[in-house]
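Inspection log for the structure reproduced underneath, given as structure tokens.
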Amino acid sequence: MASVNYTPAQRAVISDRGGALLVSAAAGSGKTKVLVERLLARVTDSDNPADIHRFLIITYTHAAADELRSRILEEISRRVALEPENRRLRRQATLVYNAQIGTIHSFCARIIRENAHLLDIAPDFRVADEQECAVLKEQTLEALLEERYETIEQSEGFRLLVDTMGAGRDDRRLKEIVLDAHTKLMSHPDPAAWTEAQIRQLESLDASVDAGKTMWGAVLMGQARRTAAYWQEALSALIDDAAAAQPDFLAAYGESLEATCQGIECFLDALERGWDAARDASKIPFPRAKSLKGYDELKQIRIQCKDAMKKMAEMFECTSAELMEDMAAVRPATAELLRLVLDFDSQYAALKRRRGLIDFADQEHLAARLLVDFGSGNPTVLAETVAARYEEVMVDEYQDVNAVQELIFTAVTQGGRNLFMVGDVRQSIYRFRLADPTIFLRKYNTYVDAADAAEGQARKILLATNFRSRPGVLDAVNHVFRYIMTEEFAEMDYTEREYLYAGREETNGEDPAVELYVVDMCTPEREDEEESEKKEEGEAKFIAAHIEKMVREGYPIPDGDGGVRPCRYADFAILLRSMKNLAPVYAEALRYRSIPCAYGTDTDFSQTAEIAIMLALLDVIDNPHQDIPLLTVLKSPLFGFTPDELAEIRCADPSGDFFEALSSAAEHNRKCTAFLMQLTELRDLAAELPWTGLSGISTR
């Protein structure tokens, strides 16, 4: 790796030591290679070396952690082979196995286990899986709502909430809202404090205040402001472009577009004066334009703007007084919903604590409680102790962190001073998992370029050179995203600073361009067919015909030795959004033209029923007091309990877990007795001869 020719930006990432560093690494920019080189540069620094276990490296997945550890070990081994007498390198080759490379949750779990006594939880806690959590949440919510229904006459807020949600006989919708709100609430570092603050704000709502001054009105007005500003800029650009190249269009539509732009400008000014002023100005004018044939694309922009302005105006149908009156009417129900979510969280936490469990989100929140004093916002003494362990904390895929994780990273890096962050906000795809890409964006927009940063100042470096794709591919990507990735729709503008730049050297002449084909599936001929062809089938047939044509005509491609050769069928790959449903359709279209093809279904044998049953059995052998694995085993072909038999066992002993009910039933049920005897034998085998025990299980 030492012989690699790094770009200036890559060398800057490897050598920078000034303070917090944010690396915006584009796709294919050699991010992992640079991260490994930076780590080894720190480890082998002649002036201030640090052992590899003094670095905390956070990856998004366990697989990524394993791959990174392998890459680091491979590079250390390569260097040791070149310098066998280098004792420091040989020491790192040993220490790499103890290097802290893993996910944020593995780091949090370690902190929690080491300090469980400070949290009043058992140090041998178990992390519940998603299915088990769903059952526990359902049990908790069912019991909580039952309590609420019993006292509904004394709670106006809950009565209004039930009426609003249409609950009563069927409260599924209410349950969905509580669970969804609870999930989103977990993205806040201090969920209880945040929720209580919202309740206080609701209860202190002043009907005389302008609706735009409330937090809810401010959100609506902010959304309206962004929408209006975007379309004002779009229409202004349309007018300027038309003036330069489409004078006929400007002559017909110019006055109408100017009037619309003026209306939007008035609306933006009115937003600064309050809700009612904005309401009065929200009806943006779109005067009729002169008749003009053609220019359909330009006309479509105006139509899209008109639709957007119409939807925006619908937000301002009510006056400020009417909106405040509506808010006051729903205030009791809204406050009660928040209290219900808080109570649910409290009871759910208590149930997990009784069972020695934590869930996925708990790992982050419990670690945050240990590392941050929420009263002052400062790191705890424990956080300072943990921070002292590390020369640097490296966080990969930083665009997908959330607010709780950011709090943890800041606490263990001396306020972020030795935090190294690498990611690409353009690749943030986990917002549905409560990732917050705005954390990355805030730093990207406020950190100074590393070349201009003072000592200790937070800085950023952009890795924009792509070594993976051809220039033609990158040009197409840049062309598309410069238009669709804007601050209005994607929270950032895709400018030349964010472009992907080619790092590959092409040696086979002209670089192939990206081609876009639009397949028209709505022709009159197709409409007359008895059974219209599905879109997927039509696209598959088109692609098959296109591949056949390219091979028949000998389309030239690189031969790997600097020359070109005619393409073959094996040179083609078809990428699909979903293999399960689409792959057979494309395979049929290809085989119809005698084009050989193959595709994998990505069968995950760990998800098959047989494997699931064996895993459940191992769980039961380890701890039979787990209802879900136990019931899975009992109703499996291994033991053959019917649903009626299981229901009878539970009805006879409704208290406690199912294993206790099963044990009670064994006093008069031979089938239960036989199961318990075999389970005892298996548990004895597992305790005395673990591997033999596992083999024995599989042959019974």
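Bear in mind that the values in this text are calculations on the coordinates, not laboratory data. Worth saying up front: this structure is predicted, and the values here are computed from it rather than measured. Note that we place each Cβ from the backbone using ideal geometry, even for glycine, and neighbour counts take in every protein chain shown.
Details
- Neighbour cut-off at most 13 other Cβ (10 Å), DSSP loop, trypsin sites (Lys or Arg not before Pro), the range 468-501: ARG497
- Computed magnitude of the charge dipole of the chain (debye, nearest 20; Cβ of K, R +1, Cβ of D, E -1): 1840
- Amide H contacts of LYS460 (H built 1.01 Å from N, under 5 Å, at least 5 apart or other chain): LEU22, VAL448, ASP449, ALA450
- Each residue of the range 636-647 is assigned a 3J(HN,Hα), and the resulting list reads 7, x, 4, 10, x, 6, 8, x, 5, 5, 5, 5 Hz, derived from the Karplus form 6.51 cos²θ - 1.76 cosθ + 1.60 (θ = phi - 60°), x at Gly and Pro.
- The chain shape via C-alpha gyration tensor axes, a/c threshold 1.5: rounded
- Cross-link partners of LYS352 among lysines, defined as those whose alpha carbon lies under 29 angstrom from its own and excluding same-chain residues fewer than eight positions apart: LYS137, LYS175, LYS184, LYS635.
- Database remark: amide H of ALA25 closer than 5 angstrom to the amide H of GLY423, ASP424, LEU463 (H placed geometrically; neighbours at sequence offset of 5 or more, or on other chains; Pro and chain starts carry no H).
- Shape of the range 288-442, Cα gyration tensor, a/c cut at 1.5: oblate
- The range 612-693: proportion of alpha-carbon pairs further apart than 20 angstrom, %: 27
- The amide H of ASN466, built 1.01 Å from its N in the peptide plane, has TYR501, ALA502, GLY503 as neighbours under 5 Å, considering only residues 5 or more places off or on other chains.
- Shape category assigned to the range 1-45 from the gyration tensor of Cα positions, a/c cut at 1.5: oblate
- The range 30-44 and the range 361-375: distance between their alpha carbon centers, rounded to Å: 30
- The phi-based Karplus calculation (6.51 cos²θ - 1.76 cosθ + 1.60; θ = phi - 60°) puts the 3J(HN,Hα) values of the range 334-345 at 5, 4, 5, 4, 5, 5, 5, 5, 4, 5, 4, 4 Hz, whole numbers, x for Gly and Pro.
- Helix content alone sets the calculated 222 nm mean residue ellipticity of the chain: runs of n ≥ 4 DSSP H residues at -39500 (n - 2.57) each, divided across all residues, give -18500 deg cm²/dmol.
- One Cα centroid belongs to the range 158-207, the other to the range 264-332; the line between them spans 30 Å.
- Each listed q (0.14 Å⁻¹) maps to a log10 I(q)/I(0) for the range 564-667 from the Debye sum over equal C-alpha point scatterers, namely -0.68.
- Listed residue (ASN581, GLY563, ALA540) projecting farthest to the positive dipole end of the range 529-593, Cβ model: GLY563
- Sparse-neighbourhood loop sites, GluC sites (Glu not before Pro) in the range 545-648 - DSSP loop, at most 12 other Cβ within 10 angstrom: GLU553
- Rounded to whole numbers, the Karplus 3J(HN,Hα) couplings from phi for the range 367-374 are 5, 4, 5, 6, 9, 10, 8, 5 Hz, using 6.51 cos²θ - 1.76 cosθ + 1.60 with θ = phi - 60°, and x at Gly and Pro.
- With a Förster radius of 56 Å applied to the C-beta separation of THR319 and ASP559, the computed FRET efficiency comes to 0.20.
- Other residues within the sphere of radius under 13 Å centred on the Cβ of VAL372, judged by their own Cβ, net out at -4 (K and R +1, D and E -1).
- Under 14 Å, Cβ to Cβ, from ALA116 - net charge with Lys/Arg +1 and Asp/Glu -1: +2
- Two-site label geometry, ASP129 and ALA329: point separation in nm, points 7 Å out along Cα→Cβ: 4.8
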